[in-house]
Amino acid sequence: QVQLVESGGGLVQPGGSLRLSCAASGSIFRLYTMVWYRQGPGKQRELVASITSGGNTTYADSVKARFTISRDNAKNTMYLQMNSLKPEDTAVYYCNAVVKESIITLSKAYWGQGTQVTVSS
């Protein structure tokens, strides 16, 4: 089994910054693409940013130039640096990762439990 644990959420004022982390642990043979999603109040879950094992990144238009996704493959950890935060960034942020647990198993997607980010004055 694989566990994804997010951390770093909290309450921040508009214009402020937060750094989220997602640590993967357990039976990990290969850790492929990792993704940050978020779900705001009354909204559907949406993709925020993704990063491949090789470091290629994509971003939702709403966060481009404000958020930066990165990963440390040695630590099986992904990060999301969020700057210039806006009230509309308020959401539960979820980590998703595609993992191959052994050489003989198929890849599988896992989810973290989520971390709350609230942007308010």
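The values are calculated or read from the model by the stated rules, or taken from the named source; none is laboratory data. Everything quoted here is computed from the prediction, not taken from an experiment. A quick note on method: Cβ atoms are made from the backbone with ideal geometry, for glycine too, and the neighbour counts reach across all protein chains shown. Surface accessibility is based on the protein's heavy atoms, side chains included, excluding ligands, DNA and RNA. Shrake-Rupley method; radii C 1.70, N 1.55, O 1.52, S 1.80 Å.
Residues being touching a strand residue (DSSP E or B) at 6+ places or on another chain (Cβ under 8 Å) and open to solvent by 40 Å² or more (accessible area, probe 1.4 Å): count how many of those fall in region 1-22. Let's see the steps before the verdict.
Residues of region 1-22 that are touching a strand residue (DSSP E or B) at 6+ places or on another chain (Cβ under 8 Å), as a first pass: 1-14, 16-22.
Still in the running and open to solvent by 40 Å² or more (accessible area, probe 1.4 Å): 1, 3, 5, 7, 11, 13-14, 17, 19.
Number of matching residues: 9.
Filter region 18-49 down to the residues that are in a strand (DSSP E or B) and among the hydroxyl-bearing types (S, T, Y), then identify the one that is nearest to G114 (Cα to Cα). Working first, answer last.
Looking only at region 18-49, we keep the residues that are in a strand (DSSP E or B), and these are 18-26, 30-39, 46-49.
In the following step, the residues that additionally are among the hydroxyl-bearing types (S, T, Y) were identified as 21, 25, 32-33, 37.
Numbers: S21: 11, S25: 16, Y32: 20, T33: 18, Y37: 9 Å.
Checked region 18-49; the qualifying residue nearest to G114 (Cα to Cα) is Y37.
Scan (1) assigned to a strand (DSSP E or B); (2) at positive phi for the single condition Y93 breaks and write down its number.
Unmet for Y93, out of (1) assigned to a strand (DSSP E or B); (2) at positive phi: (2).
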